[in-house]
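Below is one structure; the comments refer to it alone.
The values are calculated or read from the model by the stated rules, or taken from the named source; none is laboratory data. Quick caveat: nothing in here was measured; it's all calculated off a predicted structure. Neighbour counts run over all protein chains shown; Cβ positions are idealised from the backbone, glycine included.
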Amino acid sequence: MKLNSTLLRWSAPLVMGAALVSGNAVAQAGATECIAPAKPGGGYDLTCRLAANGLQDTQLISRPMMVSYMPGGIGAVAYNHVNGVRKADPNLIVAASTGAAVNLALGKLGKYDASEVRWLGALGVDYGAIVVKADAPWQNLDELMKDLHKNPSSIVFGAGGTVGSQDWMKAALVAKATGVSPRALRYVAFEGGGESLAALLGGHIKVFTGDLSELRPHLDSGKVRVLAALADKRAEGPYADIPTAIEQGYDVEWPIWRGYYMGPNVSDEAYNAWVERFTELSEREQFAELREARGLFPMTLVGDEFDTYVKKQVAQFKQLAKEVGLMK
Amino acid sequence: MFDFLIHGFEVALTPMNLGLAFMGALLGTLFGALPGIGPINGIAILMPLAYTLGLPAESALILLAGVYTGAEYGGRMSSILLNVPGDAGAVMTTLDGHPLAKKGLAGPALGLSAISSFVGATIAIIGLTLFAPLLAEVAVLFGPAEFFGLMVFAFASMSVMMGNDPIKTGIGAVLGILVAMVGVDSGTGVMRYTMGMPELYDGIDFVVMIIGLFAISEILLMLEHAHNKNVDDTMPPLGRVMVQLKEVVACRWAMLRSGLIGFVVGVLPGTGASVAGAVSYTTEKRLSDKDNTFGTGDMRGLAAPESGNNAAAVGSFVPMLTLGIPGSGTTAVLLGALMLYNITPGPMMFTERPDVAGGLIASLYIGNLVLLALNLPLAGLFAKVLTIPRWVLVPGIAILAFVGVYQLHSDLMAIYLMLVIGVVGYLLRKLGFSLAPIILGYVLGGLMEDNLRRALSISGGDMGILWQSGISIGLWIAAALLLMAPLIMAKLLSGKPAAQAQA
């Protein structure tokens, strides 16, 4: 029966054009579903798979979880869909991350704001990182920051997101920490972390503001130098040698949590059942391995605590967006 | 030096891995053949399956790589048979592939394109085996300014497609560029042409654009013909089924040249099969289209893009395996699959996990042979698809595409958008526009703008960055030469009829 999820996903829509009208034929059968508000293969896909594989491997759900994709509007399409159509679906969770909180703060997810949905929990976290090429003149964050302060336009930053995205926020916060206006920063937006890294290796940009986990393949290659992790404390394992920005005297933190939300009208009963599932999942050793394999660091924040956390974060980002000149 | 490859063949030739390579090739061909489902989606669907089945890393990768290369083979089928590109790389394949089918040569066209695909992929696999680390170093030298130069070159080489109506070609390309502009502007975060609809924030999806422009407009044209003449446009009876050796031999230079071009384009991060198909087709047309037969069912015009797009698919493994940087959207997903197995791609992979790196490369050799063996005999069978009345076939494919697109977007807006694009495409076709320049404008224009913007944000607005490096200067000179060549030739050959020199 292991073929089940794939077969269902393909046979159902192929057999019936009716799937065009109702997207939830499978959900009605009682199976759980996770919507990744993006195309296959990205971070949201990974977030959904983390829950789907984790819950299945630990047998916390009896049938495989379906992962469906709803790209569009940097997550706005899925957000509007859940708030407008599947408001009370007890079997549906949607992947979200710090990036979604940024977009909510900037009002980019349409008419609904962060208080609409029920924030369920986060199961893992990644951290921002400041990366330069191995032959760059800067040995530590302080040297980079001093040069940036002296001549902001001489150092080109780049990352995989547009101006105003969470990737850009990292660069903006770094600039702000040394008293440089983010508007004076030279920032190049690439299509994803891979292209940015290629541009760094080719010497086209000088600083790449990426994520810690995507750098793992490159830590031993000797081609790049990670000047700082934007975490509250040092990570373990292969990342143990990377100092945090805070250690180096710059108060910049950028955790990228990977979590989920549910529809606004989901019953307390269903919501609590999910909270319980997630709590139990996060305690399993098997899950810790799964999380690590996906390059995520431990973070468990579920239920009301998470709800408060996200809402507070969105409020902070709103403030930040005003400071860096993205919003008036 | 090639220990990893010998070891790789040991890994790839186990019965299970051979079986998986075969399965991947077959599934990939199917995914590629169905418009709306491309290699990325195919891999994204199979990845969790491979993981759930508990396949070891090298086996999973062999399966997924088979799907990827198989999809590039499969994409040609609906291009040739239905004039609807099966995936992004197969757009140029419609130009000469479908006219061949209309002449009753669908079988030979499918056979020839299978052989071209094989030749292109083989050139690229050999290139990958021999020069991967070296090429990776060169690929990163291509920054935004160099990519902009490359796009200028690509547009210059497109000028050969101007044909009889340069103005319509120009308008078509500009329309394509316009569609590429829709969505969030990455340089500033400003929304362009989204009309407040969140569905448009991310821009217009390639699949939506292709299915709308080609498949929907085809259905509308068919409806109109049926209404006017009360007859169905049936295809001519199928002629011979097998491709002849002399036809393959006639295309040998087209295949070899395009294989090289496709490989180079594929190695560059950020450009993939669609750009490779376009550049190989236009280059081949410029070099060998002496009698102006390209676009009317010239075998060389079919061999070139098919060899090119398959070579590009393999080429995009170079940056992935050597630098850990994906060379295309599909390799980005594959990279994710590797991470899932706790394998870190990059230069260390060849020494730390030779079974995976070698196994993958060996499986590309094997998969490619499997694909040829699968696709050559099946050419005749697939050509029979054309005996199904077109009023059943094209709407049937469109419905499959609808379902595929809906599956990917879970949103009706994508379907509506597809219909609107289809109606516009129908009107443009009625007005005598060709669809290829629109798609090329859409693909190349988007890349061109992004890279121009990036280059200018690096330099702080100084245009000088665009011709600072040797690579950029070379590309600008090549583009200028391409544009000037017909004029110079005309001068030199002034004794001969000028029309031939300009062709």
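Remarks
- Filtered residues of the range B:432-470 (kept if over 22 Å from B:VAL140 (Cβ atoms), away from every other protein chain (no Cβ under 14 Å) and in contact (Cβ under 8 Å) with a residue 60 or more places away in the chain): B:GLY432, B:PHE433, B:SER434, B:LEU435, B:ALA436, B:PRO437, B:ILE438, B:ILE439, B:LEU440, B:GLY441, B:TYR442, B:GLY445
- Pairs with Cβ under 8 Å, 6+ apart, first in the range B:179-192 and facing chain A (nearest Cβ under 7 Å) and closer than 23 Å to A:PRO182 by Cα, second crowded, with 16+ Cβ neighbours inside 10 Å and basic (Lys, Arg): B:SER186/B:ARG453; B:GLY187/B:ARG453; B:GLY187/B:ARG454
- Residues of the range A:219-238 satisfying the condition of being in contact (Cβ under 8 Å) with a residue 24 or more places away in the chain and closer than 22 Å to B:LEU321 by Cα: A:GLY222, A:LYS223, A:VAL224, A:ARG225, A:VAL226
- Condition check for A:ARG216: among the basic types (Lys, Arg) and in a strand (DSSP E or B): no
- Candidate set from the range B:400-431 (those that are over 30 Å from A:VAL85 (Cα atoms) and hydrophobic (A, V, I, L, M, F, W, C)); member that is farthest from the other protein chains (Cβ to nearest Cβ): B:LEU431
- Restricting attention to the range A:56-80, the residues being surrounded by 22 or more Cβ atoms within 10 Å (Cβ to Cβ) and in a helix (DSSP H, G or I) number 7.
- Qualifying residue in the range B:383-393 (condition: aliphatic (A, V, I, L, M) and assigned to a loop (DSSP other than H, G, I, E, B)): yes
- Within the range B:331-356, the set of residues being within 14 Å of chain A (Cβ to nearest Cβ), at pLDDT 75 or above, assigned to a helix (DSSP H, G or I) and more than 25 Å from the chain's Cα centre (by Cα) comprises B:VAL356 only.
- For the range B:55-69, the set of residues classified as of a type outside the set (S, T, N, Q) and either more than 13 Å from the chain's Cα centre (by Cα) or surrounded by fewer than 24 Cβ atoms within 10 Å (Cβ to Cβ) (or both) consists of B:LEU55, B:PRO56, B:ALA57, B:GLU58, B:ALA60, B:LEU61, B:ILE62, B:LEU63, B:LEU64, B:ALA65, B:GLY66, B:VAL67, listed by residue number.
- Every test in (1) within 22 Å of A:LYS111 (Cβ to Cβ); (2) more than 8 Å from chain A (Cβ to nearest Cβ); (3) assigned to a helix (DSSP H, G or I) is passed by B:MET195 save one, and that test is (3).
- Subset of the range A:287-308 [farther than 23 Å from A:PRO90 by Cβ, more than 14 Å from chain B (Cβ to nearest Cβ) and assigned to a helix (DSSP H, G or I)]: none
- Number of residues in the range A:256-277 that are closer than 25 Å to A:PHE317 by Cα and surrounded by fewer than 17 Cβ atoms within 10 Å (Cβ to Cβ): the value is 1.
- Tally, over the range A:167-203, of residues that are modelled with pLDDT of 85 or more, within 25 Å of B:THR271 (Cα to Cα) and not aliphatic (A, V, I, L, M): 8
- Any hit, the range B:471-489, residues being at pLDDT 85 or above, over 23 Å from the mean Cα position of the chain (by Cα), assigned to a helix (DSSP H, G or I) and within 14 Å of chain A (Cβ to nearest Cβ): yes
- Of all residues making up the range A:66-84, the number that are out of contact with any Phe, Trp or Tyr (no Cβ under 6 Å at 6 or more places or on another chain), in contact (Cβ under 8 Å) with a residue 40 or more places away in the chain and more than 10 Å from chain B (Cβ to nearest Cβ): 2
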